[in-house]
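The values are calculated or read from the model by the stated rules, or taken from the named source; none is laboratory data. Fair warning: this is a prediction, and the values are worked out from it, not measured in the lab. Glycine gets a Cβ as well: all are built from the backbone with ideal geometry, and neighbour counts include every protein chain shown. SASA here: full protein model, heavy atoms, side chains in, ligands and nucleic acids out. Shrake-Rupley method; radii C 1.70, N 1.55, O 1.52, S 1.80 Å.
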Amino acid sequence: MTFALGYGTNGFANHRLDDALALIADLGYTGVALTLDHHHLDPFAPDLARRVGEVAARLDRLGLRVVVETGARYLLDPGRKHHPTLVSDEQEVRVDFLLRAVEVAADLGADCVSFWSGIVPDGVADDEAWRRMRSGVAAVLEGADRHGVPLGLEPEPGMLVERLDQALRLRADLGSPARLGITLDVGHCVAVEPRDAAACIRQAGDLLVNVQLDDMRPGVHEHLEFGEGELDLAATLGALDEIGYTGLAAVELPRHSHAAPDVARRAMTALRAALPKPWLADAERAVRADPAAIRTLFPAAGRE
């Protein structure tokens with residue numbers, strides 16, 4: 001297996017960040033999708049530099065890779081979810097936040113910063129929304145270039161950039177900047193894409209810098225545990241392996257924090273069962289050669 005399996009901190013919203021990271025690592029994940037939020041590494045905190053240093057050290061001790069996610073619901077406006085966005089009248093607030101996220105990502109040694117476009121406000125024409133989107137992403141790219149941090153644009157159901165082809169179109173409109181890649185939520189592929197997640201992965205190819213894992217049903221934007229929707233998890237993971245994806249593929253279950261440890265454990269069980277067979281064969285050979293290797297391959301093995 002060429003990629004790392006992770007879990008999103010937005011699925012551990014009721015845990016302290018340090019505790020969430022420890023639990024994620026203990027369950028056998030080797031990466032974390034870290035959503036910057038008021039309770040999890042607040043990018044507006046007065047002691048941000050100190051806290052970023054502490055989190056970086058914690059990630060290193062736990063052996064966790066990290067991507068920075070920017071989908072906090074009420075961080076920028078306590079009264080309006082996800083507001084403002086890159087297509088809002090107050091776009092500059094979102095741009096400032098994303099630039100802060102880029103700086104945090106650089107200091108954490110993160111793989112990338114993941115972001116989305118936003119819902120087009122009432123009364124804003126499509127041409128104006130796309131103009132705002134292009135200008136906003138261009139501004140964030142300047143910061144990303146300065147700090148050497150890749151960006152991952154995520155198509156999000158109901159937003160201006162809803163499908164993969166729209167994300168690729170925006171990238172082309174901006175001149176195909178090397179720093180701008182794609183974040184793909186495989187559940188979104190089930191919900192709104194005309195083809196399945198495996199085909200979307202192949203279409204994104206080497207532009208893929210971040211993957212979010214969850215299940216969904218066609219036409220419904222609801223993050224579900226694996227097996228509750230129509231995602232072919234084995235084919236999806238197989239496609240990631242096929243294209244040689246080397247980034248993080250992290251479980252994205254933001255509405256499951258009330259049972260986070262159990263949900264994350266079930267997700268890891270499903271992922272292991274769906275992993276490409278060659279990876280499992282390699283793991284079995286390693287354990288036969290050295291039974292103690294199971295603790296490295298599956299850190300939570302034997303603890304229940």
Accessible area (Å², per residue) of the chain, counting only protein heavy atoms and a probe of 1.4 Å
43
Max mean-square fluctuation residue, GNM over the chain, Cα-Cα springs under 10 Å, options GLU193, GLU228, GLU252
GLU228
Nearest 10 degrees, 0 to 90: what angle lies between the long axis of helix 233-242 and the longest principal axis of the chain (Cα atoms)?
80
If you fit an axis through the alpha-carbon atoms of helix 126-147 and take the longest principal axis of the Cα set of the chain, what angle between them do you get, 0 to 90°, nearest 10?
60
Rg and Dmax of segment 1-54, Cα atoms only, in Å
12.0, 40
For the chain, the longest stretch holding no trypsin sites (Lys or Arg not before Pro) located in a DSSP loop with at most 14 other Cβ atoms within 10 Å is which?
82-194
Over the chain, what is the relative contact order in whole percent, taking alpha-carbon pairs under 8 Å and six or more residues apart?
20
Most fluctuating residue of GLY53, GLY175, GLY143 in a GNM of the chain with Cα springs under 10 Å: which is it?
GLY175
Let a ≥ b ≥ c be the square roots of the eigenvalues of the Cα gyration tensor of segment 122-210; is it rounded (a/c under 1.5), or, if not, prolate (a/b larger than b/c) or oblate?
oblate
For segment 149-221, calculate the relative contact order in percent as a whole number, restricting contacts to Cα pairs under 8 Å that are 6 or more residues apart.
35
Could you let me know the centre-to-centre spacing of segment 201-250 and segment 24-46, using Cα atoms, in angstrom?
21
Please give me the summed charge of the neighbours of ARG134: other residues whose Cβ is under 12 Å from its Cβ, Lys and Arg +1, Asp and Glu -1.
+1
Take the solvent-accessible surface of the protein heavy atoms, probe 1.4 Å, and return the percent of it on the chain that carbon and sulfur atoms account for.
48
Using a Gaussian network for the chain with springs between C-alpha atoms less than 10 Å apart, which of these wobbles most: VAL263, VAL251, VAL209?
VAL263
Just add up the charged neighbours of GLU228: K/R +1, D/E -1, any other residue whose Cβ is under 11 Å from the Cβ of GLU228.
-3
If one takes the longest principal axis of the Cα atoms in the chain, at what angle in degrees, from 0 to 90 and to the nearest 10, does the Cα axis of helix 17-26 lie?
40
